């Protein structure tokens, strides 16, 4: 039965219980469900060629075996078998293959199989997100069959395309513009048409990457002030909506500010996904008059968690993945000793205010087991003894080895080294850090060039930036989209004095980390350079 | 029909609904509807009483009627707000205050509507209303209220909180109400009480809307109370119209005999009883018939299950009552074998479909049933949280079986469940669920008792270890079968005796021995026909009783069992177990024996013959067997079977002496020490004799060890040590060819085992090592320490005692070591080296 049909015959309480009832689970019951579903998954996985290739003859009969015999995995462990898209090697038959780019990987893309049962869970959990996005309290949601959604996400075969499929299958919510039309449009065309249709019909939901929704929202003002489209816009708008627009315009004029989406639309639900959402949430709330609700999804893990009406932390869904958490101390030990077998915590073992790297085992016939998807979460609250609630988490960022800008690109040491190599620039040392300017993320590259090039070639910050940008565009498709879609220039260069990195090593006994060194390390690097200048000055 | 009749009918309807709802479970919504009904009663009742000119005055009833009318916007607003779940207390209070204010103003000033003027027209009272423009204030307020209600409904539908169709009956009701009040103003409808009619229709439509929301059961409408009320009202209506003509008629024709009023009263009562009876029958026919039928079925079912102690029969009855009463396609009854065990299907009416499934005890459906403790519709379960942790194969099973409803058989815990597929007609209703709950509660207790009875009964008739029939029940069955089948029918008895079970136990421990016996029982059960009566008569003896089975067939089946038995351990690769073989004796009635006693005797003789012939064979009783038995009886009884083999043992030990004199002396010493120790711990004579013989033979395997290893000076290499260790198996290898001496094997094979389990060849520990082996271990080690060897000098007695003490609980049985040390210290055991030296010096 579709959600839309259930909505007609069931009470709100029954619908809420079905989709969002997991929020009332006790931690023990949640873990019971997790372990039971993991048992099923282990049974399917160990019989598959994929599972056997990782188990390498070891047994998988119990949870102890699961922790002892399955190592923590990365996409490299699955790539050979998955990239051929052969269902026969999988624990269950794949209905869909979802893909994403694989920055710094051995292949341009990563693919993840979605089984029928995974899709059912995905569908169920997507509807839960929809209800929660429109709710103010428990059992309270506002979904109607006349609702419309402005959709700022990529279509299939990307994971975000699944959301539109679910909405189409389960609800009568209309996409602005309709998904079929949107697929053949460019990003800006889609937004323009979406807004145009939204002006005529109202927009009830908005869903996209935090950064994208922000830039789409800003685009509204420029669209409505553009003269060329005004007449065509007005033609298709019914009178009551026209009245609303005029009313909004007058109000803005009176308040001497530009038009904001909240003046025209009353959103019922606002959902954002991806990274860096925290940087955009306040602005989005100011623009739309409603604070976005964050959901947590990915190509490999599927839809794993959501915030609620309280917008104060994420709850994991019990039937999407089996969750393990790798403490930072264990990560550090792994770095120092690649053969070290780390200890993970389960959901009922995490500590409040601790940050962890998440390790996922996709349930319901999924391919990935004990998979390091590369995301860091912090536990923001853990239920007290006998309290019937679940732990809440906050998405922090990608793992420190990856620099993710606005959810678009994932830059690694390998990709930067490749860019430097391709550019032919005489950069001998570098370190990269994700930094913020005006609450917006960018990649800050601290570089040092070879002493000989300083005399032979024109080396300036701008020359380096231009060169590197070109090759970042070349190497990384998503990096290109940052500029194209969001219109932001994510690269900043600081040219360090020759010998600064060497001085750092001399002073602190080790090289500075190449990717995301701590802010203190950067400060030390810069202050070393400064002292170097001063020393030279004295000499 | 007069105006009064309409009003009465309307009032009857309102009261009827009011009474029906009073009996239901009340919530805020029901209360708001009750208020609405009260308001309608005030309005219609007041109007009716006014038109009938009831006391105290028409103006009084007019005021009552107007109170109802003016409160109507508020009561509707209140009801609709409850219906859509809008929590707008402030607005409701505002409308209440406005209504109260309007009423107070009008009551004190009659400014909005004055009491109507009464005019007599052709003996009829006509009420003429004089409207002023003030009335439009009231109308305006009503319209505003109606608009606000409409807006609230619109918002509710727009937000998706409620579907528009849910409001259809209510909106239709309000529209009809407004239409009725509007049309009455038109001349064409003058005299027709459309306002009252529209009020009735509205009330019923609202009632319908509430019913659709499942707020109450429709059967409330047909309660006894309502039945009486309707009968009374109908009778009164009838008599209000015909009372006068009837009284006149009676006065005209019968007044001479009776007072007309008495006759009228009797007729009145008679009519009332008739109407009530007819009405009740009619209602029973429509509503109660099914319920009554179900109650009858339930009663019969309850009687049936109470009178049986068979789980199967109860399950059959459950299927029957459910299929017959509800018209369910297929029913599956599942039960738990024991606490914390899975739920297995025990009966189903779907004989042609899969019947071998079970549900794990941790199946989320079980948890859901435990939580709900009530019937569960599969569609509801699919929407539950527990369903989310179901495995795909568990879901597929339920889907495959097309289960629609699950009935828990639950008391303190879930002992079983009944799975139902879809009904032939319609879906499962609330009434069906109630009925199923009743069936479940009756069945649960009956099933629990029956299961307990079956367990106790099974325990009483069967052997605990193998599950076969026990000796007592077997003989009962034997007698019954003989009597029942008659003397002319064939009864064949196979007696089975497993060979060398004692040796098997001593070799591998009683645990392995028990396992072998259980396996043998399973083989017999599997191989013999279902009609065979199989029993374990004693430790290693079994009996199989076959009816209408030829000797030839019985022998073939026995051969089959014998073959399987002999091969049980052949595929075990962890360690080689001796084959468990069996000997079989067969006899039959009427071919060989004429009564059960004889049958058993002959089968026993055949079995004995099988044993005598070398075991592991099947023998059918015949005359030869009989004569052989006779001969056996005549042979001399052995007083001590062991002494028979003494010569053989000395011959063997002499063989060792020729090769290795030390081993010969050592064996004799060990025999001495071991026997002394065995006597000291109170073992019987025959056991001590076995230990003595085992001690003499324990190192016989050294015959097979090279002399250069046996007499090597210095430490043995690992390879040489392995060869030396092999002497234990060698010993067994030699002794096993002497069947008459096989009883010493368990002792010999275990003399190098250690108390802590680190010995060889089997690595067994503690009590698993036969007592003889433990004794031999102490004796053997002690003699090894105190003897002089080619590679070592003899240790002192003190050193040996110290070593025995320190190894107690490690190499040696701590109790035996302690006793042995005590015997040495007290001088009860003499050091054999000293003894030998003494003897030599004497010589």
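Quick note: the coordinates plus some simple rules give every number you see, no bench work behind them. These figures come from a predicted structure and were not determined experimentally. Ideal geometry is used to build each Cβ from the backbone, glycine not excepted, and the neighbour counts take in all protein chains shown.
Which values of log₁₀ I(q)/I(0), to two decimal places, follow from the Debye formula for region B:3-216 at q = 0.08 Å⁻¹ with a uniform point scatterer at every Cα?
Log10 of I(q)/I(0), two decimals: -0.29.
Can you tell me the FRET efficiency between residue B:413 and residue B:822 if r is taken as the Cβ-Cβ distance and R0 is 56 Å, rounded to the nearest 0.05?
Numbers: r = 57 Å, r/R0 = 1.02.
That gives a FRET efficiency of 0.45.
With N residues in region A:144-267, what two-decimal value do you get for its Cα radius of gyration over 2.2 N^0.38 Å? Intermediate values should be presented prior to the final figure.
Working: Rg = 14.6 Å, N = 124, 2.2 N^0.38 = 13.7 Å.
Taking N as the residue count of region A:144-267, the ratio is 1.06.
Once you have all Cα-Cα distances for region A:459-520, histogram them in 10 Å bins from zero and send the whole-percent values.
Each 10 Å bin holds this share of Cα pairs: 18, 36, 32, 13, 1.
Grab the Cα-Cα distance for residue B:119 and residue B:680, subtract it from 0.36 nm times how many residues apart they are, and report the gain in nm with one decimal. Write down the numbers at each step before the final one.
Numbers: separation 561, 0.36 × 561 = 201.96 nm, distance 13.29 nm.
Stretched fully, the residue B:119-residue B:680 segment lengthens by 188.7 nm.
In degrees, nearest 10, range 0 to 90: what is the angle between the Cα axis of helix B:311-326 and the longest Cα principal axis of chain B?
Between the helix axis and the principal axis of chain B, the angle is about 20 degrees.
How tilted is helix B:89-109 with respect to the longest principal axis of chain B? Cα atoms for both, answer in degrees (0 to 90, nearest 10).
Once rounded, the angle reads 30 degrees.
Provide the gained length on full extension for the span residue B:155 to residue B:563, in nm with one decimal, where the gain is 0.36 nm per separating residue minus the Cα-Cα distance. Let's see the in-between values first.
On the way: separation 408, 0.36 × 408 = 146.88 nm, distance 8.42 nm.
That pair, residue B:155 and residue B:563, stretches by 138.5 nm at full extension.
Post the alpha-carbon centroid distance, region B:50-74 to region A:276-297, in whole angstrom.
With region B:50-74 and region A:276-297 each reduced to a Cα centre, they are spaced 60 Å.
When the Cα centres of region A:397-443 and region B:771-830 are compared, how far apart do they sit, in Å?
79 Å
If I take every Cα pair under 8 Å that is 6 or more residues apart in chain A, average their sequence separation and divide by the length, what percent do I get for the relative contact order?
On the way: 915 pairs, mean separation 74.4, N = 539.
The normalised contact order for chain A reaches 14 percent.
Within 10 Å of each Cβ of A:4-16, how many other protein chain Cβ atoms are there on average? Intermediate values should be presented prior to the final figure.
Details: counts 1, 0, 1, 4, 5, 1, 2, 3, 4, 0, 2, 1, 0.
So the per-residue partner count for this stretch is 2.
In degrees between 0 and 90, to the nearest 10, how far off the longest principal axis of chain B does helix B:623-634 point, with axes built from Cα atoms?
Approximately 60 degrees, to the nearest 10.
Within chain B, what percent of beta bridges assigned by DSSP are antiparallel, to the nearest 5?
Numbers: 48 of 53 bridges.
For chain B, the DSSP antiparallel bridge percentage is about 90.
Give the order of B:545, B:397 when sorted by the count of other beta carbons within 10 angstrom, beginning with the fewest. It would help to have the intermediate numbers written out before the result.
Working: B:545 25, B:397 18.
Least crowded to most crowded, the residues run B:397, B:545.
Provide the FRET efficiency to the nearest 0.05 for the residue A:337-residue B:538 pair, computing r from the beta carbons and using R0 = 60 Å. Please list the in-between numbers first.
Details: r = 65 Å, r/R0 = 1.08.
The calculated FRET efficiency here is 0.40.
Considering just Cα atoms, how many Å³ per residue does the convex hull of region A:64-139 enclose?
On the way: hull volume 13.0 nm³, N = 76.
Per residue, the Cα convex hull of region A:64-139 comes to 171 Å³.
Defining a contact as two alpha carbons under 8 Å apart and six or more residues distant in sequence, what relative contact order in percent does region A:403-538 show?
Relative contact order, region A:403-538: 28 percent.
What 222 nm value per residue comes from the helices of the protein assembly as shown, counting each DSSP H run with n ≥ 4 as -39,500 (n - 2.57) and dividing by all residues, nearest 500 deg cm²/dmol?
Numbers: 54 runs with 751 residues, N = 1382.
The helix contribution divided over the protein assembly as shown gives -17500 deg cm²/dmol.
Mind giving me the nanometre distance, one decimal, between the label points for residue B:715 and residue A:53, set 7 Å out from Cα along Cα→Cβ?
About 5.2 nm separates the two model spin labels.
Quick one: Debye curve from the C-alpha atoms of region B:646-842, no solvent, what's log10 I(q)/I(0) at q = 0.08, 0.11, 0.13, 0.17 Å⁻¹?
Here log10 of I(q) over I(0) equals -0.24, -0.46, -0.67, -1.22.
Spin-label point model (7 Å from Cα, Cβ direction): what's the residue A:23 to residue B:372 distance in nm?
2.4 nm
Compare the peptides A:121-134, B:128-141, A:138-151 by average per-residue count of other Cβ atoms within 10 angstrom and give them in order, highest first. Spell out each step's value before the answer.
Details: A:121-134: 24.4, B:128-141: 12.3, A:138-151: 20.1.
Top of the packing list down: A:121-134, A:138-151, B:128-141.
For chain A, what is one quarter of the convex hull surface built on the Cα atoms, given in nm²?
Numbers: hull surface 118.1 nm².
If you wrap the Cα atoms of chain A in a convex hull and average its projections, you get 29.5 nm².
Only bridges with both residues in chain A count here: give the DSSP antiparallel percent, nearest 5. Please list the in-between numbers first.
Details: 47 of 68 bridges.
That works out to approximately 70 percent antiparallel.
From the gyration tensor of the Cα coordinates in region A:403-538, what semi-axes in whole Å does the equivalent ellipsoid have, largest first, with each one equal to sqrt(5λ)? Don't skip to the end; give the middle numbers.
Details: eigenvalues 136, 61, 34 Å².
One finds semi-axes of 26, 17, 13 Å for region A:403-538.
Over all Cα pairs of chain B, how is the pair count split among 20 Å bins, expressed in % and running from 0 up to the last occupied bin?
Answer for chain B: a P(r) of 11, 23, 21, 15, 12, 12, 6, 1, 0 percent.
In bins 20 Å wide, starting from 0, what share of all Cα pairs of the protein assembly as shown does each bin hold, as a percent?
7, 20, 23, 22, 16, 8, 2, 0, 0
Need the full-extension length gain, residue B:518 to residue B:303, defined as separation in residues times 0.36 nm minus the C-alpha distance. One decimal, nm.
On the way: separation 215, 0.36 × 215 = 77.40 nm, distance 4.11 nm.
Answer, rounded to one decimal: 73.3 nm.
Taking every pair of distinct Cα atoms and averaging 1/r, then inverting, what Kirkwood hydrodynamic radius in Å comes out for region B:219-282? Numbers along the way, then the final one.
On the way: mean 1/r = 0.0782 Å⁻¹.
Result for region B:219-282, one decimal place: 12.8 Å.
Averaged across the residues of A:38-46, what count of C-beta atoms belonging to other chains lies within 10 Å of each residue's C-beta?
Working: counts 0, 3, 6, 1, 0, 2, 3, 0, 0.
That works out to 2 on average.
As an exercise, use a Förster radius of 45 Å and the Cβ-Cβ distance of residue B:295 and residue B:382 to find the FRET efficiency, rounded to the nearest 0.05.
Working: r = 32 Å, r/R0 = 0.71.
The calculated FRET efficiency here is 0.90.
Relative contact order of region A:50-125: what whole-number percent is it, with Cα pairs under 8 angstrom and at least 6 residues apart? Walk me through the numbers on the way to the answer.
Details: 67 pairs, mean separation 18.5, N = 76.
Relative CO of region A:50-125 lands at 24 percent.
Considering every residue in B:388-396, what mean count of other chain Cβ atoms within 10 Å of its Cβ is obtained?
What the average comes to for B:388-396 is 6.
Compute the separation of the alpha-carbon centres of region B:420-443 and region A:71-122 and state it in Å as a whole number.
Comparing the Cα centres of region B:420-443 and region A:71-122, I get a distance of 46 Å.
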